[in-house]
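The values are calculated or read from the model by the stated rules, or taken from the named source; none is laboratory data. Owing to the predicted nature of the structure, the values given are computational and were not obtained by experimental measurement. With ideal geometry, Cβ positions are generated from the backbone for all residues, glycine too; neighbour counts draw on all protein chains shown.
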Amino acid sequence: KEIEDLLEFSTGLGNVRVQLTNFRNLQYYGPLYLGSKRKRLNFVYDTGSSWLWFPGTSCTGCPTDYEYDPSKSEFYTDFNKSKELFYGKGYVKGKVIQDNVAMMGIDSESVPVKMLEVFEAKDLAGTQADGILGLSPKSSDSDLLVNKLAEMNVIDKREFTVYIAPQEDTSFIDFGEYKGDLTNITWAKLDKDTNYWSVPFNYISYMNEPLSLTSTSAVLDTGTSILGFPSTDLAQIIIGIKGEKKLYYFEEIGLYGVLCEDLSEFYDLEFNIRGHITRISSDDYMIQVGKYCVFFLFDLGSKFPFAL
């Protein structure tokens with residue numbers, strides 16, 4: 001067990017590296033240890049949310065059968081306060097507590113974090129992780145793990161680096177100052193005064209034609225499996241991609257698609273981020289299911305002004 005921990009949590013280019021499990025190039029998750037007895041659970045390291053939550057005992061609708069009873073931890077504090085969290089898809093409800101978390105299961109320093117002990121969850125079927133660890137840049141009422149790790153000198157700088165790779169490669173998240181090769185990194189300036197890691201983009205194009213969109217920023221969200229857009233923007237993108245093909249809506253999954261023979265019939269989506277072109281290939285924004293090509297693009301509604 002200790003050897004397994006050392007392989008999974010290693011000192012990487014930052015101070016602590018957490019190896020992430022890749023589930024079908026759709027979900028990326030890794031372990032975290034809770035409480036004085038270091039209960040190991042798997043979490044989505046989610047840059048699109050701010051709260052850490054775990055499945056409490058007898059949780060209804062939680063995505064896995066694993067659970068944790070924080071009352072058995074010597075670090076446990078109950079704030080006698082309930083809270084609900086809403087996601088693009090999914091919802092959880094529980095009570096606010098404080099407990100310690102550790103990045104390693106063997107003799108590593110733990111830090112106190114306010115979190116949610118969840119007793120009820122909805123629409124999380126298919127989620128491989130036990131809970132979610134939020135890593136957004138700001139929060140008005142939760143503890144940000146990166147801040148806590150820096151305050152307790154577990155890491156040397158309030159930074160983290162996420163590397164997401166296809167299944168044949170290794171994915172990871174490093175906590176602490178990035179000390180690797182900086183020559184092949186394209187830096188994008190973040191939007192100011194938002195609660196998300198968001199970057200402004202000039203336009204999105206298909207077949208070298210800019211699409212007429214209302215959103216001008218994209219949220220970098222490691223907890224979202226597919227691309228999301230406001231309703232009007234999604235319509236414009238789908239019209240651009242499908243061309244003359246008939247559009248189908250698959251109600252059971254809430255996604256659109258067209259009849260096709262192969263994904264190679266379609267072109268890249270191109271994000272122009274202040275002059276830098278980021279290309280998303282058809283292999284990444286759609287999947288072939290039988291005779292259909294289904295778009296991995298979902299509707300964010302009218303209230304969320306960003307691409308996701």
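Structure summary
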item: Residue that is surrounded by the fewest Cβ atoms within 10 Å (Cβ to Cβ) [pool: residues in segment 117-136 that are at pLDDT 95 or above and of a type in the set (A, V, I, L, M, F, W, C)]; result: Phe119
item: Subset of segment 256-270 (residues that are at pLDDT 95 or above and among the hydrophobic types (A, V, I, L, M, F, W, C)); result: Val258, Leu259, Phe266, Leu269
item: Pairs with Cβ under 8 Å, 6+ apart, first in segment 292-306 and over 14 Å from Leu26 (Cβ atoms), second among the charged types (D, E, K, R); result: Cys293/Glu265
item: Flag for Glu117 being in contact with a Pro (Cβ under 7 Å, 6 or more places away or on another chain) and under 16 Å from Leu32 (Cβ atoms); result: yes
item: Single residue of segment 206-217 satisfying the filter (closer than 23 Å to Gly257 by Cα and surrounded by 14 or more Cβ atoms within 10 Å (Cβ to Cβ)) that is nearest to the chain's Cα centre (by Cα); result: Ser215
item: In segment 184-203, residue surrounded by the fewest Cβ atoms within 10 Å (Cβ to Cβ) [restricted to those that are in contact (Cβ under 8 Å) with a residue 12 or more places away in the chain and aromatic (Phe, Trp, Tyr)]; result: Tyr203
item: Flag if Gly257 is touching a residue at least 24 places away in the same chain (Cβ under 8 Å) and part of a loop (DSSP other than H, G, I, E, B); result: no
item: From Ile97, Ile132, residue being within 21 Å of Leu41 (Cβ to Cβ), in contact with a Pro (Cβ under 9 Å, 6 or more places away or on another chain), among the aliphatic types (A, V, I, L, M) and assigned by TED's automatic domain parsing to the domain that holds Ser50; result: Ile97
item: Selection count where residues are of a type in the set (A, V, I, L, M, F, W, C) and either under 22 Å from the mean Cα position of the chain (by Cα) or in the same structural domain as Asn25 (by TED's automatic domain parsing) (or both), scope segment 273-293; result: 4
item: Flag for Lys114 being buried (at least 17 other Cβ atoms within 10 Å of the Cβ), closer than 26 Å to Thr194 by Cβ, modelled with pLDDT of 95 or more and not hydroxyl-bearing (Ser, Thr, Tyr); result: yes
item: Residue match in segment 163-170 (condition: among the polar types (S, T, N, Q), surrounded by 14 or more Cβ atoms within 10 Å (Cβ to Cβ) and either in contact (Cβ under 8 Å) with a residue 40 or more places away in the chain or in a loop (DSSP other than H, G, I, E, B) (or both)); result: no
item: So Ala121, is it in contact with a Cys (Cβ under 6 Å, 6 or more places away or on another chain), on the phi < 0 side of the Ramachandran plot and among the small types (Gly, Ala, Ser); result: yes
item: Selected residue (criterion: surrounded by the most Cβ atoms within 10 Å (Cβ to Cβ)) from residues of segment 232-248 that are at pLDDT 95 or above and either of a type in the set (Asp, Glu) or in a strand (DSSP E or B) (or both); result: Asp233
item: Meets criteria (modelled with pLDDT under 95 and loosely packed, with under 14 Cβ neighbours inside 10 Å) for Ile253; result: yes
item: Residues located in segment 137-151, provided they are assigned to a loop (DSSP other than H, G, I, E, B), buried (at least 17 other Cβ atoms within 10 Å of the Cβ) and either small (Gly, Ala, Ser) or over 16 Å from the mean Cα position of the chain (by Cα) (or both); result: Ser142, Asp143
item: Some residue of segment 284-305 being assigned to a helix (DSSP H, G or I), touching a strand residue (DSSP E or B) at 6+ places or on another chain (Cβ under 8 Å), of a type in the set (Lys, Arg) and farther than 25 Å from Thr47 by Cα; result: no
item: Filter pass, Tyr206 being without any contact (Cβ under 8 Å) to a residue 24 or more places away in the chain, hydroxyl-bearing (Ser, Thr, Tyr) and more than 24 Å from Lys89 (Cβ to Cβ); result: no
item: Selection status of Thr216, outside the structural domain of Ser139 (by TED's automatic domain parsing) and modelled with pLDDT under 95; result: yes
